[in-house]
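The values are calculated or read from the model by the stated rules, or taken from the named source; none is laboratory data. Only a predicted model underlies this, so the values are computations on that prediction, with no experimental measurement involved. Neighbour counts are summed over all protein chains in view; Cβ atoms, including those assigned to glycine, are modelled from backbone coordinates with ideal geometry. With ligands, DNA and RNA removed, areas are computed over all heavy atoms of the protein, side chains included. Shrake-Rupley method; radii C 1.70, N 1.55, O 1.52, S 1.80 Å.
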Amino acid sequence: MIIAAQDGLFLENEVFANQLPAAILETIFMTAATGIIVALLGLPLGIALHNLGPKGLAPRPKTYRVVSILVDIGRSIPFIVLMISLIPFTRFMVGTALGWQAAVVPLSVGAIPFFARLVENALREVDAGKVEAVKMMGASSRHIMRQVQVREALPGIVGGFTVTLVALISYTAMAGAVGGGGLGALAYNYGYQRYQGDTMLACVVLLVIIVAILQWTGDRMARTIDHR
């Protein structure tokens, strides 16, 4: 049973003043760093998936099946299992398996295929007639991908990226339970292990607020750039 925190409730709890601000920043840093990596790698992967597929600019059925299977495998592995299995690789990349910097590695590996599939789905919604019209005008495949496919699918891509960031928030909470830092670590170390119900509540409320801000911002951006 969760009981009152030993250090007091809410404003009297020393954890709030000493560790909560740092935990919030760690969660934000984890999400931001992972989001940048996911955008840089997941977007081209999603574009490649679409254009290697049957309705793409350069259909390669065998290559598409291989890449699609790898993406599905990456999406299907539970994050906690992925994080533990990637500990040697994480140590190789950042020199440690603990802290928010280390958590960025498995977070990125898990989120890249997730976002790539959302990008592929967004590109499928682009009017094939527009692509064919530009192709008949002699445009290169690179030009079509950049100026037609991505531009037309941009609201959907932004929406997919927002969904990915929201999912990352829940992943950061799980990462905290195994040394990843952030609000998840604070909730686990103090809210669960030390029975501080107020700390647990504060972490949950803050995570909900961060998700709400991300969702509102992403929805607003998607509406702003959607001129269809």
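Annotations for the structure displayed:
- Being surrounded by 14 or more Cβ atoms within 10 Å (Cβ to Cβ), at pLDDT below 80 and closer than 17 Å to I80 by Cα is a description that applies to G180.
- Pairs linking a residue in segment 70-82 that is of a type in the set (D, E) to a residue that is surrounded by 15 or more Cβ atoms within 10 Å (Cβ to Cβ) and assigned to a helix (DSSP H, G or I), with Cβ atoms under 9 Å and 6 or more positions apart or on different chains, are D72/P113; D72/R117.
- Residue count for segment 83-101 under the criterion of being in a helix (DSSP H, G or I) and either surrounded by 12 or more Cβ atoms within 10 Å (Cβ to Cβ) or in contact (Cβ under 8 Å) with a residue 40 or more places away in the chain (or both): the result is 11.
- Yes/no for V204 being open to solvent by 20 Å² or more (accessible area, probe 1.4 Å), at pLDDT 90 or above and either within 18 Å of the chain's Cα centre (by Cα) or not acidic (D, E) (or both): no
- R142 being more than 30 Å from Q193 (Cα to Cα) and in contact with a Lys or Arg (Cβ under 8 Å, 6 or more places away or on another chain): no
- Within segment 106-147, the set of residues being open to solvent by less than 20 Å² (accessible area, probe 1.4 Å) and either at pLDDT 85 or above or within 24 Å of W216 (Cα to Cα) (or both) comprises P106, L107, S108, G110, A111, P113, F115, A116, V119, E120, A122, L123.
- Scanning segment 207-228 for residues being open to solvent by less than 70 Å² (accessible area, probe 1.4 Å) and not charged (D, E, K, R) gives a total of 10.
- Taking (1) open to solvent by 80 Å² or more (accessible area, probe 1.4 Å); (2) modelled with pLDDT under 90; (3) not charged (D, E, K, R) in turn, I69 satisfies each apart from (2).
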